[in-house]
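Student: The structure that follows is given in the form of structure tokens.
Derivation of every value follows stated rules applied to the coordinates shown; laboratory data play no part. None of these values were measured; they are calculated from a predicted model. Note that each Cβ is placed from the backbone with ideal geometry, even for glycine, and that neighbours are counted across all protein chains shown.
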């Protein structure tokens, strides 16, 4: 199950990057391009894209990433709690766990703005999906 997926229709921009050393990110995890120009899992701060396949664990291996588009809508799971209407229209931050990047509203201020609950999940679903947009300050690309 991918951590973050594009919900908007259309064609995302996908580029080929090259893995940094010792990477273990999964398809759907948020990634960024480090100072050496290599792809590594995002742990906080700037994000450039979404991994389109699992990391190979091999330094400089080619890896496709989907670049973040600020006007696109994305979907991610809410932390392991039930979704509620009060989660709509608020700021959220990511919890960066390999293979399970989730959204959290506790003290959130920097990563995303929630738009609505994902209609593919019932209201009150524990870990249900939320539709959101990335905040410009988070996206480095």
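Student: Assuming R0 = 25 Å, what is the FRET efficiency of residue 88 and residue 67, from their Cβ-Cβ distance, to the nearest 0.05? Intermediate results must be reported in sequence, preceding the final value.
Tutor: Details: r = 26 Å, r/R0 = 1.05.
Plugging the Cβ-Cβ distance into 1/(1 + (r/R0)^6) gives 0.45.
Student: Treating each Cα of the chain as an identical point scatterer and ignoring solvent, apply the Debye formula and state log10 I(q)/I(0) at q = 0.11, 0.13, 0.19 Å⁻¹.
Tutor: The calculated log intensity ratios at q = 0.11, 0.13, 0.19 Å⁻¹ are -0.37, -0.51, -1.05.
Student: Quick one: grab the alpha carbon gyration tensor of the range 23-90, order the square roots of its eigenvalues as a ≥ b ≥ c, and give me rounded if a/c is under 1.5, else prolate or oblate depending on whether a/b is larger than b/c.
Tutor: It is prolate, given that a/c is not under 1.5 and a/b is the larger ratio.
Student: Tell me the label-point distance for the pair residue 113, residue 59, using the 7 Å Cα-to-Cβ offset, in nm and rounded to one decimal.
Tutor: Simple spin-label model gives 4.2 nm for this pair.
Student: Relative contact order for the chain using alpha-carbon pairs under 8 Å, separation at least 6, rounded to a whole percent? The partial results should precede the final answer.
Tutor: Working: 381 pairs, mean separation 36.2, N = 141.
It comes to 26 percent, rounded to a whole number.
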